[in-house]
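The values are calculated or read from the model by the stated rules, or taken from the named source; none is laboratory data. Note that this is a predicted model, so its numbers are computed, not measured. In this analysis, Cβ positions are derived from the backbone assuming ideal geometry, glycine residues included, and neighbour counts consider all displayed protein chains. Only protein heavy atoms, including side chains, enter the accessible area calculation; ligands, DNA and RNA are left aside. Shrake-Rupley method; radii C 1.70, N 1.55, O 1.52, S 1.80 Å.
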Amino acid sequence: MEMTKQAIESNYYRKLNRDTGLIIGMLALLVGVEGFVLYRILLETWAISGNFFYLYGIFAGLIIVIESIGCLSVRKSIQNHMFEFRYYD
Amino acid sequence: MSEHQSASLVKTLRPFHVWALGVGIVLVGEYMGWNFTAAKGGILGSLLAMLVAGTMYVMISLCASELGSATKLAGGPYDWARLFIGPGAAAIVGLAVYMEYIALEAADAIVVAVIAQSIFPELQVFPVTLLVIALLTFINYRGVVAALTLNFVLTMIAFIAIVAFFFATASGTVDIHPEYLFQGALPNGMIGLFAALQFGPWFYLGIEGAAMCAEECKHPSRAVPLGQQAGMITLLIGAAMTLYLCSVLIPADLLGVSVYPLFEAAQNSKISIFIAALGLGTFLTCIASANGCVCDSSRSWFALSRDKYVSSWFSAVHPRYNTPYRAVIFTMPVAIGFAFSGFLDQVITFSIISGLLCYVLIPFSLIRFRRLFPETTSKVRPFVGPLQPYIAYFAIAISIIILSTLFWGYKYNLIFAFVFYGIAYFYFSHRHSSSTAENNWAEIGWPLPKGSENTGIEKEVIGVGND
């Protein structure tokens, strides 16, 4: 019985880590792609965009920061409730 | 109660279905439509519109994740407004969501028919449009799992096509024209930056609909936040990739008027595999979007019907397929009517205004939800969104700013929408203020809301799914 419980817990944490890995991978891709696109476009248009480049920095920063915190909250929520609601059965 | 009405929606959906519903509806906006930002504000206007709208949608998707995982109802934004604001706001949101998705379905079906005709010139647009609408209605009638699994496959192919094209371009496999970026940077000056905002939502329009399958999810408190946030990140990645690809492969003046910008960018790359992949992606993403729209619009109509905002005849659930089949079938004549009304462009603009109205009311529902139910328990709030209510207020502010930019060029559409929804608000507020139905929060295991004796929330809560 004890082994079964341990096996279930192990299975749950493995699947939680899979969810976490997926989100971290997508967030990393998002940061890389947004950074690359912003850099290339602002670099080529710097003569014009240099006057208001901070607008792009502010909103890109907001997207990355809020989405990252949101994803951390999703992970925390899944971790808190995964046994209670039996997410991975 | 008949057998049909006593059946309930089947609870089988998983996070990837939520992702498929949200991204499937929206990805078409990255294949076409977003590029009108370039016509207004050039490449820099497009970039700013993408980032500002992206910020708004990130915040709205977090609000939707919290509300969807808490209420677990098929009506999504409509049910949130009904529970936490009132019947007038609920009617506005319910109708707005319905109009938003049904108009998009009609437009998608026509584009599919036009693409099919360009490949096979002997085909006629009208019968193919009818066929597409009928086929997708039938798939949704048969079952939500099959419909959303199909959406997952179609959407994944379309997304992978963008990713592959982007990495090939970024790695130097495709010859690009960086000079296009400077040439089309800001053709209309600083005012163009502001004007471009009105088309920014095209990158993400409809992602809030992902939460509308919460009642059919196996574990909504996991599936909705996880699927919706994964979907939001997918769209942010897709938007940035799309903007870059089109900006360096299509001159800005042509980009602003292109019908299929990603496909045109692939054609300009002169690499046949990408031309085929992006052409296929354009076709598939239109089907996926129309399919998701049938799903979401029918759920919105079903929820309106269940609460007697429209005829309760539509609230029947199929005893075998567990789908709201009458609401699903009813999408067909309405979509066909929109498609061949001759005013589709006006209808689409109306749907964008409807969407933006929802983006004011969804965060407001979240603010009200937090005020009415401040306690955080597994039952009431299994997913606690971060930085609330500050990001809800910020999302409302951005929505109103984008809505105000529609005054340039779409003044009469805006006035018509406000009159239409104003009438709906007062009519349904009056009609449901005399309702004798009482709150039944206990039925869903929730405590009474804070200050419930004078909140004025008088609607009954029915048919709520549990984890």
Query - Subset of region B:161-191 [assigned to a helix (DSSP H, G or I), over 16 Å from B:Y244 (Cα atoms) and more than 11 Å from every other protein chain (Cβ to nearest Cβ)] - result: B:I191
**Report entry** B:R326 being within 30 Å of A:N80 (Cβ to Cβ), charged (D, E, K, R) and either open to solvent by 30 Å² or more (accessible area, probe 1.4 Å) or within 18 Å of the chain's Cα centre (by Cα) (or both)
**Finding:** no
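Results for (1) out of contact with any Pro (no Cβ under 7 Å at 6 or more places or on another chain); (2) under 24 Å from B:D296 (Cβ atoms); (3) of a type outside the set (G, A, S); (4) in a helix (DSSP H, G or I), shown as yes or no for each residue.
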| site | (1), (2), (3), (4) |
| --- | --- |
| B:V10 | yes, yes, yes, no |
| B:V18 | yes, yes, yes, yes |
| B:L21 | yes, yes, yes, yes |
| B:K40 | yes, no, yes, yes |
| B:L47 | yes, no, yes, yes |
| B:L51 | yes, no, yes, yes |
| B:G54 | yes, yes, no, yes |
| B:Y57 | yes, yes, yes, yes |
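Restricting to region A:7-49, count the residues that are hydroxyl-bearing (S, T, Y) and touching a residue at least 24 places away in the same chain (Cβ under 8 Å).
Selection size over region A:7-49: 2.
Considering only residues of region A:1-40 that are basic (K, R) and open to solvent by 80 Å² or more (accessible area, probe 1.4 Å), which is farthest from the other protein chains (Cβ to nearest Cβ)? Before the answer, list the steps.
Of region A:1-40, the ones basic (K, R) are A:5, A:14-15, A:18, A:40.
Adding the requirement that they be open to solvent by 80 Å² or more (accessible area, probe 1.4 Å) leaves A:5, A:14, A:18.
Details: A:K5: 20, A:R14: 15, A:R18: 11 Å.
Residue satisfying both the conditions and the ranking: A:K5.
Is one or more of the residues making up region B:353-371 among the small types (G, A, S), closer than 20 Å to B:G33 by Cβ and surrounded by 15 or more Cβ atoms within 10 Å (Cβ to Cβ)? Break it down into steps so the answer makes sense when it comes.
Filtering region B:353-371 for residues among the small types (G, A, S) gives B:354-355, B:365.
After this cut, where a residue has to be closer than 20 Å to B:G33 by Cβ as well, the list is B:354-355.
Retained after the next criterion (residues that are surrounded by 15 or more Cβ atoms within 10 Å (Cβ to Cβ)): B:354-355.
Yes: one or more hits.
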Report task. Tell me, yes or no, whether region B:224-239 has at least one residue that is in a helix (DSSP H, G or I), surrounded by fewer than 21 Cβ atoms within 10 Å (Cβ to Cβ) and hydrophobic (A, V, I, L, M, F, W, C). Result -> no
**Report entry** Breaking point among (1) modelled with pLDDT under 95; (2) more than 23 Å from B:D296 (Cβ to Cβ), for B:F165
**Finding:** (1)
Requested in this report: Check region B:242-254 and report whether any residue there is within 14 Å of another protein chain (Cβ to nearest Cβ), among the hydroxyl-bearing types (S, T, Y), touching a residue at least 60 places away in the same chain (Cβ under 8 Å) and farther than 20 Å from B:A20 by Cβ.
Outcome: yes
**Report entry** Pairs with Cβ under 6 Å, 6+ apart, first in region B:29-58 and on the phi > 0 side of the Ramachandran plot, second in a loop (DSSP other than H, G, I, E, B) and open to solvent by 10 Å² or more (accessible area, probe 1.4 Å)
**Finding:** B:G42/B:L186; B:G42/B:P187
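Is region B:174-197 home to any residue that is under 19 Å from B:T282 (Cα atoms), touching a Leu at 6+ places or on another chain (Cβ under 7 Å) and open to solvent by less than 50 Å² (accessible area, probe 1.4 Å)?
First, pick out the residues of region B:174-197 that are under 19 Å from B:T282 (Cα atoms): none.
Checking region B:174-197: not a single residue is under 19 Å from B:T282 (Cα atoms), touching a Leu at 6+ places or on another chain (Cβ under 7 Å) and open to solvent by less than 50 Å² (accessible area, probe 1.4 Å).
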Report summary line: Residues in region B:290-336 that are among the hydrophobic types (A, V, I, L, M, F, W, C) and closer than 14 Å to B:E216 by Cα total 4
Report task. Please specify each residue of region B:242-284 satisfying the condition of being small (G, A, S) and part of a helix (DSSP H, G or I). Result -> B:S247, B:A252, B:A265, B:A266, B:S269, B:S272, B:A276, B:A277, B:G279, B:G281
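Is it fair to say A:E67 is closer than 18 Å to B:L387 by Cβ, at pLDDT 95 or above and facing chain B (nearest Cβ under 8 Å)?
Working: closer than 18 Å to B:L387 by Cβ: yes; at pLDDT 95 or above: yes; facing chain B (nearest Cβ under 8 Å): yes.
The answer is yes for A:E67.
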**Report entry** Filter result for the condition that a residue is facing chain B (nearest Cβ under 7 Å), of a type in the set (A, V, I, L, M) and open to solvent by 40 Å² or more (accessible area, probe 1.4 Å), over A:L43, A:L55
**Finding:** A:L55
Query raised in the report: Out of all the residues in region A:70-89, which are facing chain B (nearest Cβ under 7 Å) and surrounded by fewer than 15 Cβ atoms within 10 Å (Cβ to Cβ)?
Result: A:E84
Report task. Could you check how many residues of region B:150-173 are open to solvent by 10 Å² or more (accessible area, probe 1.4 Å) and not small (G, A, S)? Result -> 11
Query - Candidates B:Q198, B:Q124, filtered to the one that is more than 14 Å from every other protein chain (Cβ to nearest Cβ) and in contact with a Lys or Arg (Cβ under 8 Å, 6 or more places away or on another chain) - result: B:Q198
Query - Hits in region B:309-329 - residues which are assigned to a helix (DSSP H, G or I), of a type outside the set (D, E, K, R) and touching a helix residue (DSSP H, G or I) at 6+ places or on another chain (Cβ under 6 Å) - result: B:S312, B:F314, B:S315, B:Y325, B:A327, B:V328
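So if I check each of B:Y425, B:Y412, B:Y421, which one is on the phi < 0 side of the Ramachandran plot, touching a residue at least 60 places away in the same chain (Cβ under 8 Å), in a helix (DSSP H, G or I) and open to solvent by 60 Å² or more (accessible area, probe 1.4 Å)?
Numbers: B:Y412 fails: touching a residue at least 60 places away in the same chain (Cβ under 8 Å); B:Y421 fails: open to solvent by 60 Å² or more (accessible area, probe 1.4 Å).
Only one candidate qualifies: B:Y425.
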